[in-house]
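Novice: I am attaching a structure below and will ask some questions about it afterwards.
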Amino acid sequence: MNKHARIYVAGHRGLVGSALVRCLQRQGYTRVLTRTREELDLTDQLAVARFFESERPEIVLDAAAKVGGIRANNIYPAEFIRDNLLIQTHLIDSAYLSGVRKFVFLGSSCIYPKLAQQPLKEDYLLTGPLEPTNQWYALAKIAGIKQCQAYRRQYGFDAISLMPTNLYGPGDNFSLENSHVLPALIRKFYEAKVAGAESVTVWGTGTPRREFLHVDDLADAVVFLMETYSDEEIVNVGVGEDLSIRELAELIRETVGFEGDLVFDPRQPDGTPRKLLDVSRLHGLGWRARIPLKQGLEETYGWFLSHMDKVRE
Ligand SMILES: NC(=O)C1=CN([C@@H]2O[C@H](COP(=O)(O)OP(=O)(O)OC[C@H]3O[C@@H](n4cnc5c(N)ncnc54)[C@H](OP(=O)(O)O)[C@@H]3O)[C@@H](O)[C@H]2O)C=CC1
Ligand SMILES: C[C@H]1O[C@H](OP(=O)(O)OP(=O)(O)OC[C@H]2O[C@@H](n3cnc4c(=O)[nH]c(N)nc43)[C@H](O)[C@@H]2O)[C@@H](O)[C@@H](O)C1=O
């Protein structure tokens, strides 16, 4: 792949976007294009079309979206379906119209049916009802996959769709309200430790299971597949193993060094009982995750401690 290709990373300040910029720079890509939301609101079709007309990137990595944990998805369904449909539609359409030669769309493991057989194969898409708490976001993502496939079929547009599992790492959203479980628990245990609290409340029953991929692994997989993969079939991107929320909480309690108790709040939603990805297609394409969860947790906790000023909300 030409290391001087003009690559636009949409959403470059987010968890995934910032990891993609780091990864591209590490791999010697010299022309990475970015725009903040203030510079380019991706829900504004005319602004997006003008941006592509004037900047003409050759490659687009789409890491821009309205993203949040189970509570945010449950409370803001209109924003999750509207913003994600608008952002992806504008990016895919303007990229095609302006001659972009490679487009990478990011879905999520939540696109699969709530009670599908585990581990989740890519073929299970649309074979059953979705998890209610994030059906809005999931449907938007499924529409994005179908738009990429339709543009490949009708226009020969080289768009690929990758389905990451739950992600974590430096640059994550550590807000207590709309973040995902791993960063939320890091912050909860840290604040409990500092305050000398007796316990930390974990939402739900602790029984759901989740798979966690470090965002630097994800970025490496995205760049690898950007360079090597071109087909309409979606590709799961994960580690191929999971753990219960209780086990995760115990791991984070140990990483942070909190000595109090866990209290589970079953009034909060558990969400999907399990969403472990089948990663055999990914492995067959020649990529495997490398960062172990324990090591990734320690590194993420270190980042959290040295970036307290950046904790969103
Ligand atoms: N985090 C996870 O566990 C997972 C994430 N994914 C997918 O990965 C991608 C990135 O997610 P993640 O990095 O976690 O999300 P973040 O919320 O960390 O980053 C999203 C980025 O999109 C930008 N953005 C949102 N709305 C707009 C807009 N209207 N105009 C311009 N920019 C906008 C945000 O800008 P600003 O900084 O200004 O808010 C932010 O930089 C998404 O497609 C998500 O669905 C998939 C599976 C799991
Ligand atoms: C990436 C993925 O992320 C989301 O799906 P999710 O994985 O269910 O999200 P989550 O990380 O918020 O929760 C995972 C589990 O953890 C439990 N949990 C305990 N304590 C806290 C807690 O303090 N905060 C949060 N957020 N969850 C907690 C929580 O009750 C649930 O059982 C969607 O965006 C979905 O669309 C998607 O794509």
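All of the numbers you see were taken from the coordinates with simple rules; none came from a lab. All figures in this text were calculated on a predicted structure; none of them were measured in a lab. Here the Cβ is made from the backbone with ideal geometry for all residues, glycine too, and neighbour counts use every protein chain on show.
Novice: Please give the net charge around residue 158, taking every other residue with its beta carbon less than 9 angstrom from that of residue 158, where Lys and Arg add +1 and Asp and Glu add -1.
Specialist: +3
Novice: Relative to the longest principal Cα axis of the chain, at what angle does helix 245-256 sit, 0 to 90 degrees, rounded to 10?
Specialist: So the inclination is approximately 80 degrees.
Novice: Could you identify which residue out of 149, 45, 88 has the top mean-square fluctuation in a GNM of the chain using Cα springs shorter than 10 Å?
Specialist: Maximum fluctuation in the GNM of the chain, among the listed residues, is at 45.
Novice: Give me 172, 278 ranked fewest to most by other Cβ atoms within 10 Å of their Cβ, as a rough exposure proxy. Walk me through the numbers on the way to the answer.
Specialist: Working: 172 27, 278 18.
With the fewest neighbours first, 172, 278 line up as 278, 172.
Novice: If one takes the longest principal axis of the Cα atoms in the chain, at what angle in degrees, from 0 to 90 and to the nearest 10, does the Cα axis of helix 293-306 lie?
Specialist: 90
Novice: Students often get this wrong, so check it: of 102/141; 3/141; 193/294; 141/188; 121/141, which have C-alpha atoms separated by over 23 Å? Please report the intermediate quantities before stating the final value.
Specialist: On the way: 102/141 19 Å; 3/141 29 Å; 193/294 20 Å; 141/188 30 Å; 121/141 17 Å.
Pairs exceeding the cut-off: 3/141; 141/188.
Novice: Kirkwood Rh over alpha-carbon pairs of region 1-150, then Stokes-Einstein at 4 °C and 1.567 mPa s: what D in µm² s⁻¹, rounded to an integer?
Specialist: 80
Novice: Another question, then. Given the Cα-Cα distance of residue 265 and residue 44 and 0.36 nm per residue of separation, how much length would full extension add, in nm?
Specialist: Full extension from residue 265 to residue 44 adds 75.6 nm.
Novice: Can you compute the charge dipole magnitude of the chain about its Cα centre, using +1 on each Lys and Arg Cβ and -1 on each Asp and Glu Cβ, nothing else charged? Give it in debye, rounded to the nearest 20.
Specialist: Here the chain has a charge dipole of around 540 debye.
Novice: In addition: Using the crude model of +1 on Lys and Arg Cβ and -1 on Asp and Glu Cβ, and no other charge, please compute the dipole size for region 263-313 relative to its Cα centre, in debye to 20.
Specialist: With only Lys, Arg, Asp and Glu charged at Cβ, the dipole is about 300 debye.
Novice: Taking the Cα of residue 283, stepping 7 Å toward and past its beta carbon, and measuring to each backbone N in region 222-240: which are under 17 Å?
Specialist: Backbone N within reach: 235-240.
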